[in-house]
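No value in this document is a laboratory result; all are computed from the given coordinates. Everything quoted here is computed from the prediction, not taken from an experiment.
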Amino acid sequence: MTSTRTSIHGQWSSRWVFILAATGSAVGLGNIWRFPYLTGENGGGAFVLVYLFCVVMMGIPIMMAEILLGRRGRKNPINTMHTLAIEEGLSPNWRLLGWLGVIAGFIILSYYSVIAGWTIAFIFKTGMGDFVGSNADQTTAIFSELISNPKILLFWHTFFMFLTIYIVSRGVKSGLEQAVKFLMPALFILLLVMVGYAMSTERFLDGLKYLFVPDFSVLANKNLFSDVFLPALGQAFFSLSIGMGAIMIYGSYLSKDSSITFNSFVIALADTGVAILAGIAIFPIVFTYGLEPSGGPGLIFVSLPIAFGQMPLGTFFGCLFFILLMFAAWTSSISLLEPAVTWMVENRKMTRYRAAYIAGFIAWLLGLLTVLSFNHWAFKFSFAGKTYENGLFDIFDVLTANIMLPLGGVLIAIFTSWLMSRSSTIDELGLSDSIAYKIWRFIIRYVAPLGVVVIFFNAIGLFS
Ligand code: PFF
């Protein structure tokens, strides 16, 4: 039965706007900041390979499922799950899946905003020529000085959270369409410029090899599941913005005649492309200037500035790069806040404006814990056989990316493929009962949930 619901929050003005908005959500700090540092920490090429596998076998099918649910329910993720569960004769408790997403969104946004703040600080640092002619020790010192100063981190975190609240309070559509149309392509082009610079460095080929040729000897004293598979899986979910309702809410504004399959492939391709380009731009610099690939969350902030300090027009390109990265983070952060805000508007009858400020304030408060994680409250901890350095920030990151998003994704997969009627999903995907539909259904029924479960339980050592 075809659903004829409409969203009270409006609809994207065209399919391309949806693709842009969802790509805007997907492409962000996850691609340019998180992907390279995780690759460097977790074994280079082997990590990239597993990551690509996770994108194809779990990421894209689950993204299709999530958009499907969003468009069919046309409400915030909590109400969408509630409505669809009742419609399919299932327990209304499925709304808890929506809650899981909203909470994950808050936690991610809280630290995302702090890291986006680093980006803004770097706009000024590069713009003022702080990195001209600097070497790895100098850029490392500048970065360390930044993160050891909670007041500055707090200032930029507050500023960035305001930007996020501002767009969400105006309605994602009017605020967002303009931003993504120009800024995403500009970021892409600038990344190509950076790749161009990386090609001119001595160790370009080593960088490429590191990314694309799995070196299994690096993995000798690592646990494959906890050091490679689980972080790669988490990164696939994080980067594609799936498993927490962000893509679901964007799907709820999508028109009925737009192809979910096509859209999902385009978004995943753009997202993966940007991550790989970022890797190609960064690792040759890392090797040429003697940095450690496993340098952690500061990797892009200590490596790229060296390039900006050396290349012609580096101050200009550097400044522009961090501006565009800030915009990429911005178009992602709004999708983290949107599910909670739509819930408050629909269920608490608040104005969008008020809801955006209240929800944003809560995320901002939580973000204070991340601000302190890099200085006063830094501590180490271990989870699933890995040691983390940056206290609560790492806890939030691991909890959301490696646990909550995959869990949300598995539940989405189970709901759409085992519990929803076949006819509902055929109707919504618009694939009829074709071979494409059968492949999707097979993957989402068996491969994706089993893949996530096997990786997760192996990583936490349950099967060993
Ligand atoms: N995908 C974003 C990035 O790669 O930066 C982060 C993100 C946005 C994660 C929205 C999850 C989400 F729901």
Using the Kyte-Doolittle scale, which helices in the chain average at least 0.5 and also have C-alpha atoms spread 24 Å or more along the helix axis, with helices defined as whole DSSP H runs?
-> 95-127, 150-170, 172-200, 260-288, 314-347, 352-373
Working out 0.36 nm times the residue gap between W418 and F53, then minus their Cα-Cα distance, what length gain in nm do you get to one decimal?
-> 129.1 nm
Could you tell me the distance between the Cα centroids of region 94-152 and region 66-91, to the nearest Å?
-> 35 Å
For the cross-link pairs K151/K386; K125/K181; K75/K438; K222/K386; K209/K380, which exceed 21 Å when the distance is taken from alpha carbon to alpha carbon?
-> K151/K386; K125/K181; K75/K438; K209/K380
Can you grab the distance from the C-alpha centre of region 323-366 to the C-alpha centre of region 226-264, Å, no decimals?
-> 18 Å
log₁₀ I(q)/I(0) of region 27-102 at q = 0.12, 0.26 Å⁻¹, via Debye over equal Cα point scatterers, no solvent, to two decimals?
-> -0.51, -1.10
Over region 184-319, what relative contact order in percent results from Cα pairs under 8 Å that are six or more residues apart?
-> 44 percent
Helix-only [θ]222 nm of the chain, DSSP H runs n ≥ 4, -39500 (n - 2.57) each, per residue, nearest 500 = -22500 deg cm²/dmol
